[in-house]
Amino acid sequence: MVSAAARQCNPWLALAMCGLLGACSVFGPKLERPDLSVVGIEMLGGNLFQQNLRLTLKIHNPNERALPVSGLHADLQIGGETIATGDSSRAFVVPANGDAECEVLISANAALGLLKLANQRDKLTGAVEYDLSGVVNIDLPLLRSLPFHQHGSFSLTGPGRS
């Protein structure tokens, strides 16, 4: 049996809960995805089937608040096939409306990449299109990760050649 006092509290409790949920949506973080770009690749060693590389990424934070990054995962695809993948667990902060660089150790399969290029040789126009995607892990209470995806291309001919 529910007492009269308990029945009177229920509407107030429901109203208070709605108010708290509304406040969370107003004050919760509304963050835009960071922009990532590759600024360097360094070969660390490997063989025909697997190469170990250090990928340096520039992360641009378009938000009005700093992003405390606790890690990052990245996949590189060519022709719809993942040819490189890697992780970084190094924590750092990307300043508000600012940039930071992050190094990610990746394992690449150059043999698979060369096969993908050979299979596309009739379609190639001097450039190879790639997709870089992954997740930036954020250390904020209401937001744990920001996915990213970037599409681009690189030249097969190099500068000064056609």
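The values are calculated or read from the model by the stated rules, or taken from the named source; none is laboratory data. Keep in mind the model is a prediction, meaning the values are calculated, not measured. Every residue, glycine as well, gets a Cβ built from its backbone with ideal geometry; the counts of neighbours run over all protein chains shown.
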Say whether the condition of being surrounded by 10 or more Cβ atoms within 10 Å (Cβ to Cβ) and at pLDDT 60 or above is met by at least one residue in segment 14-31.
yes
Any residue in segment 67-77 that is modelled with pLDDT of 90 or more, closer than 19 Å to ARG33 by Cα, assigned to a loop (DSSP other than H, G, I, E, B) and of a type in the set (S, T, N, Q)?
no
Taking segment 78-104 and keeping only residues that are over 17 Å from ARG65 (Cβ atoms), in a strand (DSSP E or B) and touching a Cys at 6+ places or on another chain (Cβ under 9 Å), one is left with SER88
So is LEU48 surrounded by fewer than 16 Cβ atoms within 10 Å (Cβ to Cβ), among the hydrophobic types (A, V, I, L, M, F, W, C), within 24 Å of VAL128 (Cβ to Cβ) and at pLDDT 80 or above or not?
no
Every listed condition ((1) in a strand (DSSP E or B); (2) at pLDDT below 75; (3) under 16 Å from LEU140 (Cα atoms)) holds for ILE41 save (3)
Does VAL104 satisfy being surrounded by 15 or more Cβ atoms within 10 Å (Cβ to Cβ), farther than 18 Å from GLY40 by Cα, modelled with pLDDT of 80 or more and touching a strand residue (DSSP E or B) at 6+ places or on another chain (Cβ under 8 Å)?
no
Which members of segment 120-149 meet the condition of being polar (S, T, N, Q), closer than 28 Å to LEU105 by Cβ and at pLDDT below 80?
GLN120
